[in-house]
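Quick notes on the structure that follows.
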There are 2 protein chains.
Amino acid sequence: MATRARNTDRREDALSRDRIVAAAVELLDAAGEGGLTFRALSARLRTGPGAIYWHVANKGELLGAATDAVLAGTLLPGAPGQTPEQAIREIALGLFDAIDEHAWVGGQMSRVASQSATLRIFERIGRQVQALGVPDEGQFHAASAVLNYILGVAGQNAANARTQAPGTNRTDVLGAESAIWERLDPAEYPFIHTVAGQLRDHDDREQFLAGIDLILKGIASRP
Amino acid sequence: MATRARNTDRREDALSRDRIVAAAVELLDAAGEGGLTFRALSARLRTGPGAIYWHVANKGELLGAATDAVLAGTLLPGAPGQTPEQAIREIALGLFDAIDEHAWVGGQMSRVASQSATLRIFERIGRQVQALGVPDEGQFHAASAVLNYILGVAGQNAANARTQAPGTNRTDVLGAESAIWERLDPAEYPFIHTVAGQLRDHDDREQFLAGIDLILKGIASRP
DNA sequence: ACCTGAACACCGTTCAAGT
DNA sequence: ACCTGAACACCGTTCAAGT
């Protein structure tokens with residue numbers, strides 16, 4: 001029999017939860033939500049579909065882990081001299097950019113509210129809300145308003161990505177089909193018709209931040 | 001050959017898009033998102049799966065139509081003497097109640113942003129934003145902040161419903177597992193730990209409305 | 001302990017055939 | 001024009017068997 005090193009004799013390409021999750025993220029990025037399949041995943045990892053189940057309980061857990069992996073990368077330390085408002089904007093923008101890059105994440109965030117990454121995001125937002133001087137009873141309301149707004153935008157972006165070809169990059173806060181909006185009957189949809197022009201060449205990031213600022217103003221203007 | 005009446009000779013139980021959508025809603029209500037199947041649906045309608053495709057293009061369209069059908073019922077005329085704030089609260093609460101009753105709707109709303117019901121909701125919100133006297137350039141931002149917040153809460157509710165047994169009725173704005181929250185390490189999650197108590201016996205509707213009011217205050221407090 | 005891959009139960013969707 | 005239901009291609013998941 002061959003002598004074997006005592007410490008590192010695992011195969012270099014051995015399967016692991018991390019490798020599986022990383023491959024899942026790649027698959028999701030490349031082909032969208034429909035692209036993540038145990039068959040496609042096992043083919044990419046050069047193994048059988050059953051092998052994955054040794055490391056991951058089921059597809060739901062895999063999607064949650066993939067979402068968590070992407071979101072975890074968005075939580076930067078946070079610059080030292082920031083105001084709470086700036087910090088919240090930074091957290092929100094970090095999420096926005098991650099969702100912009102991995103559109104499928106937006107559709108998964110709300111399905112995993114108790115998952116670690118979302119919990120950490122909520123914690124971060126909450127601390128800044130405390131730093132803003134919001135009284136105790138209002139802190140939960142304020143922090144969840146911010147988070148729910150972010151989740152809403154995230155879901156929209158994922159929905160838009162679904163309707164477009166996977167791989168294409170287009171992010172938008174609301175439907176984004178200004179072409180459709182402009183064609184709506186102005187008598188039935190006067191508001192949307194008026195506003196359709198603003199939609200045509202608006203910046204999604206700015207639009208997103210404007211909503212955050214609106215909520216921040218609401219938080220600040222309590223009696 | 002038998003004589004046939006000229007006008008009404010269609011079978012009473014003839015298939016129609018409306019009947020299909022209504023049955024889909026019932027199935028979704030009873031068994032959750034996983035319960036809607038072309039086989040289950042066709043069994044309930046006493047026909048073959050292929051028959052449904054004569055009236056509906058595919059499952060995505062069916063889900064969209066079911067969502068639209070539920071949402072359409074939430075758009076009441078609106079009381080005459082209302083302030084714009086009251087009108088927005090009423091629209092939001094109507095949606096909240098619909099989503100509370102049909103949890104799966106929350107997960108579908110963002111996938112169909114350009115669908116008729118969501119468009120009408122956005123239109124309604126937008127008109128109230130105009131009535132609030134928001135200047136033109138700010139109207140789109142303000143209305144989509146409100147809608148995105150609602151969509152975020154809706155998605156959360158749907159996610160919570162998914163984790164619980166289908167049929168059970170429990171709605172919550174954020175994870176709602178205060179039991180889990182209280183068990184989190186207070187050193188790592190000081191904010192969530194502090195706030196977990198407030199979560200235990202809070203009213204979901206009130207919590208939801210508090211977020212709406214926060215955004216309304218933000219809209220009102222522009223310089 | 002970890003991996004393999006055939007097999008199972010179930011999907012959405014199509015389509016030739018019927019009325 | 002509308003319905004029927006078998007058939008197709010594809011899932012997620014399991015599990016006996018291997019190393």
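For B:Lys59, give me every one of the lysines with a C-alpha distance below 24 angstrom, ignoring sequence neighbours fewer than eight places off in its own chain.
Within the straight-line limit of under 24 Å, B:Lys59 reaches these lysines: A:Lys59.
Dipole size in debye (nearest 20) for the protein assembly as shown around its Cα centre, Lys and Arg Cβ +1, Asp and Glu Cβ -1?
Computed about the Cα centre, the dipole is about 1500 debye.
Between A:Gln86 and B:Ala79, what's the calculated FRET efficiency when r is the beta-carbon distance and R0 is 41 Å? Round to 0.05.
Approximately 0.50, to the nearest 0.05.
Starting at the first residue of the stretch A:69-77, write each ³J(HN,Hα) from the Karplus equation 6.51 cos²θ - 1.76 cosθ + 1.60 with θ = phi - 60°, in whole Hz, x for Gly and Pro.
Result, ordered by residue: 4, 5, 5, 4, x, 8, 8, 7, x Hz.
In a shell of Cβ-Cβ distance under 13 Å around A:Ile91, excluding A:Ile91 itself, what net charge do Lys and Arg (+1) and Asp and Glu (-1) give?
Result for the neighbourhood of A:Ile91: 0.
If you take the charge dipole of chain B about its Cα centre, with +1 on Lys and Arg Cβ and -1 on Asp and Glu Cβ, which of B:Leu45, B:Ala131, B:Ile192 is farthest toward its positive end?
It is B:Leu45.
Summing Lys, Arg as +1 and Asp, Glu as -1, what charge do residues with Cβ under 15 Å from the Cβ of B:Arg127 carry, B:Arg127 excluded?
Here the count lands on -3.
Using a 7 Å offset from Cα along the direction of the beta-carbon, what are the separations from A:Ser221 to the same position in each other copy, nm, ascending?
In nanometres, ordered from closest: 0.7.
What is the Cα radius of gyration of the stretch A:45-147 over 2.2 N^0.38 Å, N being its residue count?
Relative to the 2.2 N^0.38 Å estimate, the stretch A:45-147 comes out at 1.28.
For the protein assembly as shown, what Kirkwood radius comes out of the mean inverse Cα-Cα distance, in Å?
About 23.5 Å, per the Kirkwood formula over Cα pairs.
For A:Leu41, what charge total do you get from the other residues with a beta carbon under 12 Å from its beta carbon, if Lys and Arg give +1 and Asp and Glu give -1?
Here the count lands on +4.
Let me confirm one metric for peptide B:204-217, namely the mean number of other chain beta-carbon atoms within 10 Å of its residues' beta-carbons.
Other-chain Cβ atoms within 10 Å of each residue's Cβ, averaged: 5.
Hey, got the average number of other protein chain Cβ atoms within 10 angstrom for residues in A:43-56?
Mean number of neighbouring Cβ atoms from other chains: 0.
Show that you can apply the helix-only estimate: for the protein assembly as shown, add -39,500 (n - 2.57) for every DSSP H stretch of four or more residues, divide by all residues, and state [θ] at 222 nm to the nearest 500.
Result for the protein assembly as shown: -20000 deg cm²/dmol, rounded to the nearest 500.
Taking only Cα atoms and a 10 Å spring cutoff, compute GNM fluctuations for chain B and point out the largest among B:Ala31, B:Ala154, B:Ala103.
Evaluated over chain B, the most mobile residue of the options is B:Ala31.
Please report, for A:Ala79, the nm distances (one decimal) from its label point, 7 Å out from Cα along the beta-carbon direction, to the equivalent points in the remaining copies, shortest first.
4.8
Among B:Thr74, B:Thr83, B:Thr194, determine the one that fluctuates most according to a GNM of chain B built with springs between C-alpha atoms less than 10 Å apart.
B:Thr194
Take the Cα coordinates of the stretch B:12-105, assign each an equal point scatterer, and use the Debye formula without solvent to give log10 I(q)/I(0) at q = 0.11, 0.16, 0.19, 0.25 Å⁻¹.
Debye curve over Cα of the stretch B:12-105, log10 I(q)/I(0) at q = 0.11, 0.16, 0.19, 0.25 Å⁻¹: -0.39, -0.68, -0.85, -1.24.
May I ask for the Rg/Rh ratio of chain A, computed from Cα atoms with Rh as the Kirkwood radius, given to two decimals?
Dividing the radius of gyration by the Kirkwood radius yields 1.08.
Rounded to the nearest 0.05, what FRET efficiency do A:Asp18 and A:Thr163 give with R0 = 25 Å and r taken as the Cβ-Cβ distance? Could you check?
0.20
Other chains near B:129-136: what is the mean number of their Cβ atoms within 10 Å of each residue's Cβ?
Per-residue shielding by partner chains comes out at 1.
How large is ³J(HN,Hα) for each residue in the stretch B:36-45, as worked out from phi by the Karplus curve 6.51 cos²θ - 1.76 cosθ + 1.60 (θ = phi - 60°), to whole Hz, x for Gly and Pro?
So the J values, rounded to whole Hz, are 7, 9, 4, 6, 4, 5, 5, 5, 5, 8.
With springs connecting C-alpha atoms under 10 Å apart, model chain B as a Gaussian network and identify which of B:Ile212, B:Ile150, B:Ile192 has the largest mean-square fluctuation.
B:Ile192
Mind listing the label-point distances from A:Arg183 to the same position on all other copies, shortest first, one decimal in nm, points 7 Å along Cα→Cβ?
In ascending order, 5.3 nm.
With only Lys, Arg, Asp and Glu charged, each at its Cβ (+1 for the first two, -1 for the last two), find how big the charge dipole of the stretch A:80-159 is about the Cα centre; round to the nearest 20 debye.
Approximately 160 debye in magnitude.
Bear in mind these aren't lab numbers, they're just calculated from the coordinates by the rules spelled out. If you're wondering where the values come from, they're calculated on a predicted model, not measured in any experiment. Quick reminder, even Gly has a Cβ in these numbers, built from the backbone with ideal geometry, and neighbours come from all protein chains shown.
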